[in-house]
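Read the structure below first, then the notes.
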Amino acid sequence: MAGEGLTRFWPLFDLVVRTPRLELRLPPRGGVCRHRRCRGSRDPRAGDHAVLPPLDRGRAGAARPRFGQWWWRHRAEWSADKWTFTGVAFVDGKPVGAQDLEATHFRAVRSVETGSWLGRAYQGQGLGREMREAVLHLAFAGLGAEEALSGAFEDNAASLATSRAVGYAENGEARGRRRDSSARTIRFRIAREAWERRRRDDIEIDNLEGCLDMFVSPLS
Ligand SMILES: CC(C)(COP(=O)(O)OP(=O)(O)OC[C@H]1O[C@@H](n2cnc3c(N)ncnc32)[C@H](O)[C@@H]1OP(=O)(O)O)[C@@H](O)C(=O)NCCC(=O)NCCS
C-alpha cells in the first residue's frame, strides 16, 4: 500500500493511474520523488522549462529545501478550489519522473493544466507521452474535465512534440519567466471531444472514488 496508514488522512496516496508501461501515483513516505536520476531532468543544451524546482541549477545544497517544499506545498495547500496532484511515474517500481495535474475551481470550470519532467536517462523513450496520456485519462475519464491545457518554452522541442503527439492544438502564446528574464511560451489545449476521439482503452484508475470529493467538492 503506497501511503500505508496515511491513506486514512490522505486518500490520494491510494490513487493509481496504471498504463501498460507505468504507474502514476503520489510518492510514498516523505512525499518527495527522491530518485537521483529524477534530479537532472533538464538538458542544459535544450530549452529551460518552467515546471521543476531548480534542483539542477546552482548548488544542490541550496536548492534542496525548495525541492522538498515544492512537493509538500501542494499537499499542504490542497483545497477543492485549487489543487495540484503531484504524480510520480514509476516504471517497474522505480520513480522515473513526475507528472502533475492542477486546477482552480475545477468543479465549476472543468479545466486542468499539466506539467511534467523525466529523469534524463528516461527521456526520449515514449515515457513522456505515456505519462501525459495517463494523466489526461485521469482528468477526462476520471474527473470529468472538459479541457486540458499545457505550455512549453518555444525551444523545448521534446515538450512541444509531446503535446502535439497526444492531440493538443496550439492555443496562443504567452511570456514566461525564465531565470531573470522571459521567454516565449507556446500554449496548448485539448478539449474533451478531441481526447475522446483518441482515448485509450488500456489505462486504469484505481481508488479514485475515495478521492473524488477532494477534487470536486469544497473541503469542509
Ligand atoms: C518533455 C518530456 C516530459 C517529454 O518526454 P519524453 O519521454 O522525452 O518524450 P517521448 O519520448 O514520450 O516523446 C513524445 C513525442 O515527442 C517526440 N519527441 C521527443 N523528444 C523530441 C525532440 N527532442 N525533438 C522532437 N520531437 C521529440 C517523440 O518523437 C514523440 O512523438 P511521437 O509519439 O509522435 O513519436 C521530457 O523530455 C522531459 O522531461 N524533458 C525535460 C523537462 C521538461 O522540459 N518538461 C516540460 C516542461 S514544459
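The values are calculated or read from the model by the stated rules, or taken from the named source; none is laboratory data. Owing to the predicted nature of the structure, the values given are computational and were not obtained by experimental measurement. All Cβ positions, even for glycine, are placed from backbone atoms using ideal geometry, and neighbour counts span all protein chains on display.
Here is how the numbers come out for the structure above:
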{"item": "Out of THR86, THR7, sole residue that is in a strand (DSSP E or B), modelled with pLDDT under 95 and either under 19 Å from LEU138 (Cβ atoms) or more than 16 Å from the ligand (Cβ to nearest atom) (or both)", "result": "THR86"}
{"item": "Filter result (touching a Pro at 6+ places or on another chain (Cβ under 7 Å) and of a type in the set (Asp, Glu)) within region 62-110", "result": "ASP81"}
{"item": "Odd one out for GLU154 among (1) at pLDDT below 95; (2) among the acidic types (Asp, Glu); (3) within 22 Å of GLY128 (Cβ to Cβ)", "result": "(1)"}
{"item": "Considering residues of region 92-144 that are part of a strand (DSSP E or B) and within 7 Å of the ligand (Cβ to nearest atom) only, the residue surrounded by the most Cβ atoms within 10 Å (Cβ to Cβ)", "result": "GLY97"}
{"item": "Search result, residues across region 149-166 that are assigned to a helix (DSSP H, G or I) and more than 8 Å from the ligand (Cβ to nearest atom)", "result": "SER163"}
{"item": "Test: residue in region 123-139 that is in contact with an Asp or Glu (Cβ under 6 Å, 6 or more places away or on another chain) and not hydroxyl-bearing (Ser, Thr, Tyr)", "result": "no"}
{"item": "Selection from region 171-206 of residues that are surrounded by 10 or more Cβ atoms within 10 Å (Cβ to Cβ) and in a helix (DSSP H, G or I)", "result": "ARG192, ALA194, TRP195, GLU196, ARG198"}
{"item": "Of residues in region 153-163 being touching a strand residue (DSSP E or B) at 6+ places or on another chain (Cβ under 6 Å) and not aromatic (Phe, Trp, Tyr), the one surrounded by the most Cβ atoms within 10 Å (Cβ to Cβ)", "result": "SER163"}
{"item": "Flag for GLU147 being modelled with pLDDT of 95 or more, acidic (Asp, Glu) and more than 18 Å from ARG129 (Cα to Cα)", "result": "no"}
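Condition check ((1) under 17 Å from THR162 (Cβ atoms); (2) touching a residue at least 40 places away in the same chain (Cβ under 8 Å)) across all residues:
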| residue | (1), (2) |
| --- | --- |
| GLU173 | no, no |
| ARG178 | no, yes |
| SER182 | no, no |
| PHE188 | yes, no |
| ALA191 | no, yes |
| TRP195 | yes, yes |
| ARG198 | yes, no |
